[in-house]
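Student: Got a structure for you, questions after.
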Amino acid sequence: MTKKIFFFISFICCCCKISRAQDTLPNFSANLIGKDRIIISWTNTLANVKQISVQRSYDSTHGFKTILTVLDPALPQNGFADMTAPTTKMFYRLYILQEKGLYQFSLSKRPDTFAVKNMKAVTDSMKKLNPFIVNLGKFPSTDSTTSPKSITPKNMPPGYIPSLYVFTFRDGNVKIDLPKDEKPKKYVIKFYDAADNFLFELKDIKEQNFTLDKANFFHAGWFHFELYNDEKLVEKNKFYLEKDF
């Protein structure tokens, strides 16, 4: 896994080296490589960056939705390879969160055509990647103003009791509502697919109540989780994501 992440970062760094100076945050570069691979990359010189999310839309001004939140927003050079865009004419922008709740959006842009030698070797390696993607907290990732409500899946198995701490909202995202403790505790949540294959985990959780973007799970279906409190298992349960993305 370490080698895969290292390769991905190395590839992004190569793209950043040929980026122009104006690609420093909040600006970024968007390059179309091949027929359907769009590389979003940037150089970070901002202080105290807590979160950077890549957003995508058919329109240049509205309808943006978060497709990825980077694992380490403090990296000097970073980026993302979008290989699932419905069209190469999509608009992209960045959501940048800093300390004290300050945030900003970059200007939106469409990808430029960009050529890289030996692209086959690069893309073949990128197909094997399994990036760690986590979207935490509440931020304006979409233009939706609907108030989410908890849901119960239609194909709920007999005897299933939804968790009070990790459950699905009506908007399709996963709601995290941790216990309200008098003393701060270290909560960890580990996520698995229906076959109990490990996906990712949330560590150093600062918020008691937040939303986890459904894009982190890549597909619909059942997912398992384990909630730990100071390394002690609090709950082991599952939730269901509807097939609407």
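Student: Among what's in segment 160-177 and is more than 17 Å from the chain's Cα centre (by Cα) and of a type in the set (D, E, K, R), pick the residue that is farthest from E226 (Cα to Cα).
Tutor: Only one residue fits best here, namely R170.
Student: Quick check on this structure: which one of S147, S163 is surrounded by fewer than 17 Cβ atoms within 10 Å (Cβ to Cβ), farther than 22 Å from T69 by Cα and either modelled with pLDDT under 85 or not hydrophobic (A, V, I, L, M, F, W, C) (or both)? Can you show your working first?
Tutor: Values: S163 fails: surrounded by fewer than 17 Cβ atoms within 10 Å (Cβ to Cβ).
One residue alone meets the criteria, S147.
Student: Return the pair list, or none, for Cβ contacts closer than 7 Å from residues in segment 77-98 that are more than 17 Å from D59 (Cα to Cα) and at pLDDT 90 or above to residues that are in a strand (DSSP E or B) and not aliphatic (A, V, I, L, M), at least 6 apart or on different chains.
Tutor: I96/Y103; I96/Q104
Student: I'd like to check which strands (runs of 3 or more DSSP E) are fully inside segment 194-245 and have at least 2 residues that are closer than 17 Å to T66 by Cβ and touching a residue at least 40 places away in the same chain (Cβ under 8 Å). Walk me through it before giving the result.
Tutor: Working: elements: 198-202, 209-212, 221-229, 232-241.
Because the criterion is at least 2 residues that are closer than 17 Å to T66 by Cβ and touching a residue at least 40 places away in the same chain (Cβ under 8 Å), the strands (runs of 3 or more DSSP E) in segment 194-245 that meet it are 198-202, 209-212.
Student: Let me ask another. I need the full set of residues from segment 99-112 which are touching a Ser or Thr at 6+ places or on another chain (Cβ under 9 Å) and at pLDDT below 90, in order please.
Tutor: Listed by number, the list holds a single entry, D112.
Student: Moving on. Of the residues that make up segment 185-202, is at least one within 21 Å of the chain's Cα centre (by Cα) and at pLDDT below 85?
Tutor: For segment 185-202, residues within 21 Å of the chain's Cα centre (by Cα) and at pLDDT below 85: absent.
Student: Right, next: Does segment 37-58 include one or more residues that are under 19 Å from D112 (Cα atoms), at pLDDT below 90 and surrounded by fewer than 19 Cβ atoms within 10 Å (Cβ to Cβ)?
Tutor: No - not one qualifying residue is present in segment 37-58.
Student: Still on this model: Against the condition outside any strand (DSSP E or B), aliphatic (A, V, I, L, M), surrounded by 14 or more Cβ atoms within 10 Å (Cβ to Cβ) and modelled with pLDDT of 80 or more, how does I133 come out, does it pass? Walk me through how you get there before you give the answer.
Tutor: Details: outside any strand (DSSP E or B): yes; aliphatic (A, V, I, L, M): yes; surrounded by 14 or more Cβ atoms within 10 Å (Cβ to Cβ): yes; modelled with pLDDT of 80 or more: no.
Against the criterion (outside any strand (DSSP E or B), aliphatic (A, V, I, L, M), surrounded by 14 or more Cβ atoms within 10 Å (Cβ to Cβ) and modelled with pLDDT of 80 or more), I133 does not qualify.
The values are calculated or read from the model by the stated rules, or taken from the named source; none is laboratory data. This is a predicted model, so every value here is computed, not measured. FYI the Cβ positions are ideal-geometry reconstructions off the backbone, even for glycines, and counts take in every protein chain you see.
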